[in-house]
Amino acid sequence: MMRLGILVICIPLGTQMIAEIVYAVMEQMLHGVAPFQLDHYSSVALGVMFIVMSLVCRYGAELREEKE
């Protein structure tokens with residue numbers, strides 16, 4: 001779950017950075033290119049939730065292991 005959370009955060013942010021670079025290049029070459037908006041903030045929140053949940057599950061597994 002932790003890896004999934006990290007991927008959910010990193011992949012959209014990586015695409016955001018690449019898209020901004022492509023937009024800057026296109027704006028230099030073609031005048032009048034309309035700006036675009038990409039909203040990946042919800043995926044960051046989802047990724048943080050996955051990371052927190054993985055920590056809670058890991059803690060629960062450690063407690064269960066200590067009982068046995």
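Odds and ends about this structure:
- Based on alpha-carbon atoms, the Kirkwood radius and the radius of gyration of the chain give Rg/Rh equal to 1.33.
- When 64, 58, 3 are compared by accessible area at a 1.4 angstrom probe, the order from most to least is 3, 64, 58.
- Within the accessible area of the chain (1.4 Å probe), percent carbon and sulfur: 70
- Cβ crowding within 10 Å averaged over residues, with 15-28, 42-55 ranked highest first: 42-55, 15-28
- Helix-derived mean residue ellipticity, 222 nm - over the chain, DSSP H n ≥ 4, -39500 (n - 2.57), to 500: -29000 deg cm²/dmol
- Cα long-axis angle, helix 2-29 against the chain (0 to 90 degrees, to the nearest 10): 10
- Helix 41-67 axis, angle to the chain major axis (alpha carbon atoms, nearest 10°): 10
The values are calculated or read from the model by the stated rules, or taken from the named source; none is laboratory data. This one's a predicted model, so the numbers in the text were calculated from it and none came from an experiment. Heads up, the Cβs are rebuilt from the backbone with ideal geometry, glycines too, and the neighbour counts pull from every protein chain shown. Only protein heavy atoms, including side chains, enter the accessible area calculation; ligands, DNA and RNA are left aside. Shrake-Rupley method; radii C 1.70, N 1.55, O 1.52, S 1.80 Å.
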